[in-house]
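Student: Sending over a structure as structure tokens; questions will come in a sec.
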Ligand code: BGC
């Protein structure tokens, strides 16, 4: 009897253990099942994935088809890009500038593959601080223009500017009018792009240091402060000739440049007078950084010294509100886009 009771109790314990183990097993299975319930949709997702991917790809393709990639990429990239630094990292400082070996436009084109038609450029890896239009008044100086483009494009690219080059050609054989061509360059460049800064450069002047940045400052800037022609110094304190830069605001404040200086001389002095009449001063790089070379040449035909210049300079304060960008009139004869520059031929009238 005792044995039978003992056996029963052993069997009872064994059964309880088995039941417990079964219970445990079911619980663990249940917990595992509940915890991994996410994996069921994963599996479904995996089945659906090709379809979802196809849909996303279809959307992508149709977006690319409807809007230019450069716009969507540009905005995306620009959102991530930072403004270019004050001291562009690729500047090299002093440069060797010489004009003994002629250069060809093809060579310059080859050396500047990043240029867009019209001599346009913007840095790839940062947002340029300024949009700058380079304005060159021009007539029959093709050899000089080649040197200008040859030296300037690499410099301007290292300076990380968003820039375009505008060569404003005076049509015909009338007396040359430099300042009027500069006004025209300002007006024509603005028709094309939202420029904030204008560099006005003679075609025969090349900076000898790329730290002389061709951009605008909080005062009108004189950039060619130390020319070889003048023994690397200013010929006089008020000198504002050669290369200068003005922001759109500064330019409009002085009503642009005079239109009535025909022939050589005086128009840069008039511009200086306008700037000081409006209470602005001249900003300049130091004499070392501002060194530049001029290509030697004979005096141009139809650009003799203007005998009226002394009289005109004496009256800038009275004439500047009537003669300037507000009274500019001209006719565009032709516009051509080269990879290296925009060439605008204009009829400026006569004296
Ligand atoms: C003229 C300027 C010229 C300067 C330097 C002055 O007499 O008026 O137009 O830039 O000489 O040559």
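Student: Using the basic label-point model (7 angstrom from Cα toward the beta carbon), what is the residue 12 to residue 329 distance in nanometres?
Tutor: A separation of 12.4 nm, rounded to one decimal place.
Student: Can you pull the Rg over Rh of the stretch 96-208, Cα-only, Kirkwood?
Tutor: We get a ratio of 0.96 for the stretch 96-208.
Student: Order these by the 10 Å Cβ neighbour count, fewest first: 9, 224.
Tutor: By the 10 Å Cβ count, ascending: 9, 224.
Student: Using the number of other C-beta atoms within 10 angstrom as an exposure proxy, rank 144, 222 with the fewest first.
Tutor: Neighbour counts put them in this order, fewest first: 144, 222.
Student: If you don't mind, there's one more thing I want to ask. Residue 100 to residue 238: FRET efficiency via 1/(1 + (r/R0)^6), r the Cβ-Cβ distance, R0 45 Å, to the nearest 0.05?
Tutor: With a Förster radius of 45 Å, E is 0.85.
Student: List residues of the stretch 284-307, by number, whose backbone nitrogen lies under 11 Å from a label position 7 Å along Cα→C-beta of residue 143.
Tutor: 296-298
Student: Mind checking the full-extension length gain between residue 318 and residue 190? Use 0.36 nm per residue of separation minus the Cα-Cα distance, one decimal, nm.
Tutor: Extra length from residue 318 to residue 190 when fully extended: 43.3 nm.
Student: Taking the Cβ of each residue in 209, 142 as the centre, tally the other Cβ atoms inside 10 Å and list the residues starting with the fewest.
Tutor: Values: 209 20, 142 9.
With the fewest neighbours first, 209, 142 line up as 142, 209.
Student: Going by average Cβ density within 10 Å per residue, which order do the peptides 96-108, 304-316 take, highest to lowest?
Tutor: Highest to lowest by the protection proxy: 304-316, 96-108.
Student: Another question, if that's okay. Convex hull volume of the Cα atoms in the stretch 215-351, per residue, in Å³?
Tutor: Cα convex hull per residue, to the nearest whole number: 149 Å³.
Student: Determine the gain in length on full extension of the stretch residue 336-residue 311; use 0.36 nm per residue of separation and subtract their C-alpha separation, reporting nm with one decimal.
Tutor: Between residue 336 and residue 311, full extension yields an extra 5.2 nm.
Bear in mind these aren't lab numbers, they're just calculated from the coordinates by the rules spelled out. On a predicted model such as this, the values are computed, not experimentally measured, just so you know. FYI the Cβ positions are ideal-geometry reconstructions off the backbone, even for glycines, and counts take in every protein chain you see.
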